[in-house]
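The values are calculated or read from the model by the stated rules, or taken from the named source; none is laboratory data. Remember, predicted model here, so these are calculated numbers, not experimental data. All Cβ positions, even for glycine, are placed from backbone atoms using ideal geometry, and neighbour counts span all protein chains on display. Protein only, heavy atoms only, side chains kept; ligands, DNA and RNA dropped before computing areas. Shrake-Rupley method; radii C 1.70, N 1.55, O 1.52, S 1.80 Å.
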Amino acid sequence: MTTPDYDLIIIGAGPAGMAAAEEAHRQGLRCALLDEQEEAGGQIYRAIGRAPLADERILGQDYYHGRDLLEAFERSGVDYRPGTTVWGIEDDLSLDVSREGVSQRLRTRRLLVATGAQERPVPFPGWTLPGVMTGGAAQILLKSSAMAPPGPIVLAGSGPLLLLVAAQLARAGVRVEALLDTSPRGNWRRAARHLPGALKNPSLLAKGLGLLREIRRAGIPHLKGVDGLEAFSRDGERLTHLRYRQAGESRERECRTLLVHQGVVPNVQLTRALELAHDWDEAQQCWRPRLDAWGETSRPGVFVAGDSGGIAGAQAAEESGRLAVLGIAGQLGRVNTEARDRLAAPVRARLAPHLAIRPFLDVLYRPARRFLVPEDDTVVCRCEEVTAGELRRIADAGCRGPNQAKAFCRAGMGPCQGRLCGLTVSQVIADQCNEPVAAVGYYHIRPPIKPLSLGELASLSDPDTPTRN
Amino acid sequence: MPNASPFERLPNRSRAQVTVFVEDEPVEVCAHDSAAAAVLAAGLLPSRTTPADASPRAPYCLMGVCFECLIEIDGAPNQQGCMIPVRDGMRIRRQCGARDMHGEGAHDHA
C-alpha cells in the first residue's frame with residue numbers, strides 16, 4: 001500500500017471547490033484541487049480571473065463576487081492543477097488523471113467531488129439544429145470571450161438563469177426579440193404555499209423580481225404560457241424559424257439564435273461512476289447523491305459539495321464546500337468534534353436561507369411535462385439520434401431501464417456518454433412502463449469517465465512517466 | 001468555408017490576439033478563446049455532421065457536457081472544441097461523420 005499523496009483531493013474549481021480548498025488550507029490538510037477547465041471559477045464564475053467584458057454592469061456584481069473567492073483560493077496555496085481530466089477512480093481512492101495528453105495516478109485519503117451542475121436537457125423538435133444553444137452557453141460566451149450570438153435572438157424555457165441571460169444580453173445592448181416562458185401556468189398557484197420558506201431569503205426574491213422588472217423596462221416581450229415549441233430550418237443546415245403556441249394561437253417567427261434553458265441539475269457523471277447511492281429528487285426532477293450532514297456519500301471517505309450534491313446555487317455551494325472540509329478535518333483528527341461543530345455552526349446558518357427558498361423555486365420553475373417526457377418524434381439521445389418514440393417502442397418490447405436501452409437502441413452510447421440524454425431516457429422509460437423513475441434507475445457510468453486517447457491510457461504504464469510531480 | 005453569421009465581439013479588455021485557421025480561412029480571435037468559440041466567431045455553422053444520420057450540428061452547451069463541438073484540430077479528429085484553448089496558427093476543420101480510424105482526419109459521409 002503506497003502512502004497517499006494527499007489528505008484531500010477536490011475535483012472542480014467552482015464555488016464549492018474553491019471555498020473547500022481555502023478551508024482545507026486553514027485546517028492544515030495536504031490538498032490538491034483538480035479542474036478540467038484551464039481557469040478557476042467553474043461555470044458560474046467562468047474566467048473570473050480575467051473577466052474580459054469591459055462593462056462590468058453586463059454580468060452584474062454577483063459574478064464579480066467570484067473574484068473574492070478566487071483571491072482567497074489563490075492565497076491558500078493548495079496544489080492547483082487546471083486543465084486536468086479525471087478519467088478513472090479506483091476503490092482505494094487512486095485517481096487516474098490526464099493533463100495535456102499524459103496520464104498519472106494520484107492517491108488521496110479523502111475525496112471531495114465538487115463538479116457542479118449541468119443544464120437540464122431540453123428536448124423538443126429541432127433542438128439539435130445549429131443555432132439552438134443553451135442559455136448557459138450564451139452566458140459562458142459572455143464571460144469568457146465577451147461574445148454575443150447573432151440575431152434575431154429568442155430565449156425560451158423556464159428558470160432564473162433564463163431571466164438573467166435575457167437581462168445580461170439587454171445590458172450589453174444585444175437585442176432580444178422575445179422571451180418565451182414555457183413554465184406551466186399552474187406553477188405560480190402551486191408555488192404559493194411554499195412562499196413562507198422563500199421569504200426566509202428576501203434578497204434572492206428581490207433579485208428575481210428585479211430581473212423581471214429589468215426585462216420589462218428593456219422592452220423584451222415576455223410571453224407566458226408558451227407551448228408546442230419547435231425549431232426548424234429552411235436551408236437544411238441551420239435554425240431559421242421557430243413555431244410555438246401562445247394564448248391559443250400558433251405563431252411563427254424568424255430566428256437565428258434560440259437560447260433554451262429548463263433549469264440546472266447535478267452533474268452526476270463522477271458520483272455515478274463511483275457507484276454511490278443516488279436518490280430521485282421528485283421536486284427537482286433529477287438524481288442526487290445521498291449525503292449526510294457533512295456531505296459524505298454512501299462510500300466512506302468520499303464527499304460531495306455544491307450543486308453536484310443537489311441544486312442550491314453558488315452561495316450555498318461555498319458553504320457546503322466548507323462544511324465538507326470540516327467533516328473531513330474531523331475524520332482525519334485535525335479538529336475535535338466540539339471544535340468542528342463550533343466552526344460549522346455559522347456556516348450552517350449562512351446555508352439555511354439558500355435551502356429554505358428551494359421548494360418555492362423548484363415548484364415555480366418546474367419544467368413543462370413535454371420537456372421531461374418529450375413527444376415521439378423528438379430526439380432524446382443527440383449523439384446516436386434516438387427519439388422518444390423509439391424509447392417507448394423498446395419499453396413496450398420489454399426494455400426495463402436505461403442500461404438495457406443501450407443494447408436495444410444505442411441511446412447513451414455516443415461520445416457524451418449519456419451526459420445529455422440520461423435523465424430523459426430514465427424518465428421516458430419510467431413513464432412508458434408506469435414505474436417510478438427510481439425503479440427504472442440510471443446508466444451505469446464506466447471508466448474512462450471522459451473519452452481519452454490510447455496514448456493517454458498507455459502513458460500511465462510508461463516507466464518514464466513520473467507517477468507524481 | 002465559414003458561412004453563417006458570426007458571433008459578435010463586445011467591448012473587452014482582452015489584449016492578446018492570435019490567428020487561427022478555420023477551414024483554411026484566417027480568423028483573429030482572443031488568446032483565451034476556446035476552439036469552439038473560434039468556430040462561432042468564424043461563423044462555421046454547422047461545425048460537424050453526425051456519424052448516425054449526417055445531421056448538422058454546432059456547439060451547444062460550451063461546458064464540456066454535450067460533445068456537439070467535436071471538431072478536427074491540427075489534423076486530430078474528435079477534439080472537444082469547448083475544452084481546448086486556441087493557439088496561434090491552430091487549424092480547425094469541420095468534422096463530417098465518424099472519425100477516420102486510419103488517422104487521416106474525418107471523412108465525408110455525403
Give the residues of the stretch A:16-39 that are more than 17 Å from A:A312 (Cα to Cα) and touching a Leu at 6+ places or on another chain (Cβ under 6 Å), sorted by residue number. A:A21, A:A24, A:L29, A:C31
Has the stretch B:42-54 got at least one residue that is farther than 24 Å from A:H261 by Cβ, polar (S, T, N, Q) and in contact (Cβ under 8 Å) with a residue 40 or more places away in the chain? yes
Does A:L180 meet the test of being open to solvent by less than 40 Å² (accessible area, probe 1.4 Å) and modelled with pLDDT of 95 or more? yes
Would you check which residues across the stretch A:92-139 are within 22 Å of A:N267 (Cβ to Cβ), β-branched (V, I, T) and open to solvent by 10 Å² or more (accessible area, probe 1.4 Å) and list them? A:T115, A:T128
Pick from the stretch A:214-232 the residues that are within 27 Å of the chain's Cα centre (by Cα) and in a helix (DSSP H, G or I): which of them is surrounded by the most Cβ atoms within 10 Å (Cβ to Cβ)? A:I215
Just to be sure, is A:E237 open to solvent by 60 Å² or more (accessible area, probe 1.4 Å), within 14 Å of chain B (Cβ to nearest Cβ), touching a residue at least 12 places away in the same chain (Cβ under 8 Å) and not hydrophobic (A, V, I, L, M, F, W, C)? yes
Could you tell me which residue of the stretch B:10-63 is most open to solvent (accessible area, probe 1.4 Å), considering only residues that are more than 9 Å from chain A (Cβ to nearest Cβ) and part of a loop (DSSP other than H, G, I, E, B)? B:R15
What are the residues in the stretch A:140-169 that are assigned to a helix (DSSP H, G or I), more than 9 Å from every other protein chain (Cβ to nearest Cβ) and closer than 19 Å to B:P6 by Cα, if any? A:K143, A:L169
Among the residues that make up the stretch B:87-95, is at least one of them open to solvent by 10 Å² or more (accessible area, probe 1.4 Å) and polar (S, T, N, Q)? no
Looking only at strands (runs of 3 or more DSSP E) that fall completely inside the stretch A:25-131, which ones have 2 or more residues that are more than 11 Å from chain B (Cβ to nearest Cβ)? A:31-34, A:79-81, A:84-89, A:94-99, A:102-113
Check off (1) crowded, with 22+ Cβ neighbours inside 10 Å; (2) farther than 25 Å from A:A19 by Cα; (3) among the hydrophobic types (A, V, I, L, M, F, W, C); (4) in contact with an Asp or Glu (Cβ under 9 Å, 6 or more places away or on another chain) for A:V174 and give me the number that stays unchecked. (1)
Cβ pairs under 6 Å, 6+ apart or interchain, first in the stretch B:62-80 and at positive phi, second open to solvent by 30 Å² or more (accessible area, probe 1.4 Å), ordered by first then second residue, are B:G64/B:M83; B:F67/A:P415; B:D74/B:R91; B:N78/B:R99
Could you look through the stretch A:23-40, keep only residues that are without any contact (Cβ under 8 Å) to a residue 60 or more places away in the chain and more than 19 Å from A:V97 (Cβ to Cβ), and pick out the one that is surrounded by the most Cβ atoms within 10 Å (Cβ to Cβ)? A:H25
Return the residue satisfying two criteria in turn: it lies in the stretch A:442-461 and is touching a strand residue (DSSP E or B) at 6+ places or on another chain (Cβ under 9 Å) and under 17 Å from A:Q269 (Cα atoms), and of such residues it is surrounded by the fewest Cβ atoms within 10 Å (Cβ to Cβ). A:P447
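To keep it simple, each residue is scored yes or no on (1) more than 12 Å from chain B (Cβ to nearest Cβ); (2) farther than 30 Å from A:P451 by Cα; (3) at pLDDT 95 or above; (4) out of contact with any helix residue (DSSP H, G or I) (no Cβ under 7 Å at 6 or more places or on another chain).
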site: A:R217; (1), (2), (3), (4): yes, yes, yes, yes
site: A:G228; (1), (2), (3), (4): yes, yes, yes, yes
site: A:L242; (1), (2), (3), (4): yes, yes, yes, yes
site: A:G248; (1), (2), (3), (4): yes, yes, no, yes
site: A:R251; (1), (2), (3), (4): yes, yes, yes, yes
site: A:R256; (1), (2), (3), (4): no, yes, yes, yes
site: A:N267; (1), (2), (3), (4): no, no, yes, no
